[in-house]
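Structure first, commentary second.
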Amino acid sequence: MGRVVVTGGAGFLGSHLCHRLLDRGDEVVCLDNLITGSLSNIADLFGRRGFQFVEHDVSTYVWVPGDVDAVLHFASPASPIDFERIPIQILKVGSLGTHNALGLAKAKGARFFLASTSEVYGDPQVHPQPESYWGHVNPIGPRGVYDEAKRFAEAMTMAYQRFHGLDVRIVRIFNTYGPQMRPDDGRAVSNFIVQALQDKPITVYGDGLQTRSFCYVDDEVRGFLALLDSDLRGPCNIGNPREYTILELAQAVIEVTGSSSEIIHEPLPVDDPTQRQPDITRAVDKLGWQPEVELRAGIERTAAYFRGILAGEKAAATEA
Ligand code: UDP
């Protein structure tokens, strides 16, 4: 049990993390500037013992009074639609924000945990991707703002470990989905489920033969905590190695939701990776972690969440 700072704690992953940390008895200081995070993700935590929320942009100087045992740096917009909308903020939170969060951890003698990403592998030419792969990233393309910010964040984190002796962990997060995703997040899973629930066309970009490996959020967060509590230095992939084409994902969503949606094709975004699958040997061997939730079961739970959101939106529209 300890006192943990979570940057980006009102976001999709950050809010799940705040919940799990409190459940196990940690105190949580949640920092978020709410640029993509939402107070509705943590509404049930206000008033809960050991929880504190501070609205703050970690790209500017960060200070948290009192003892801190760990700093978990999850702040960053992370959806491809954000890469075009708020590119400078993404570069700033990955660089300046990581520096500030590292500085806080160093000043407090706290463990530092970086939320990195499978995007450090870019459009990978090694498949599946082990942590030893250096990646294939276009630094000047539209995705470069996220990919390079996270690569810089990893370099900065490792420099703090080497130069300052900081105790660091780095998780490389692969595609994750589940409740608390924004309905307008722009991701394949959220788009497809929201479209299917409204019987609207499912928008598959390109031919849909590109692949991703989708991890349910509960599995993912269990992996984060296993890594946080371990003595594993250096990056560790956490993701579900079961690989699907985007067309297979679309079909699974239609089946699970019982939708009458048809599949339509739209242009493929620039630099969209053709394949992605984590090699999780390190996580399995060193953390004893592996995912448990199968895609269809995860879609079912996520669809239940989005059904509630859509019903709420509909009720609000009727009242207005
Ligand atoms: N995608 C799609 N339709 C959508 C949203 C995304 O076909 O409505 C595709 C996207 O081009 C990519 C894959 O689904 O090939 C996963 O996209 P997502 O944005 O979920 O994650 P990322 O590209 O960051 O892995």
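Laid out as a table, the results:
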| read-out | value |
| --- | --- |
| Separation of the I81 and V54 label points, Cα + 7 Å toward Cβ, nm | 3.1 nm |
| Added length on full extension, which subtracts the Cα-Cα distance from 0.36 nm per residue, E294 to H265 | 7.8 nm |
| Candidates A297, A188, A153, ranked by Gaussian network fluctuation over the chain, Cα under 10 Å, top entry | A297 |
| The chain: angle of helix 295-319 to the longest principal axis, Cα-based, in degrees nearest 10 | 80 degrees |
| Gained length - K106 relative to A315, 0.36 nm times residue gap less alpha-carbon distance | 70.4 nm |
| Residue of F53, F174, F192 that the Gaussian network model of the chain assigns the largest fluctuation, springs spanning Cα pairs under 10 Å | F53 |
| Label-point gap, in nm, between D231 and R162 - each point 7 angstrom along Cα→Cβ | 2.3 nm |
| Zone residues, the range 275-313, relative to D23, backbone N less than 19 Å from point 7 Å out along Cα-to-Cβ | 288-295, 297-306 |
| Difference of contour (0.36 nm per residue) and Cα-Cα distance, Y61 to R301 | 82.6 nm |
| Distance in nm between pseudo-label sites at L34 and L96 (7 Å out along the Cβ direction from Cα) | 2.1 nm |
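Coordinate-derived values only; no laboratory data. All values derive from a computational prediction rather than experimental measurement. Cβ: placed from backbone, ideal geometry, glycine included. Neighbour counts: every protein chain shown.
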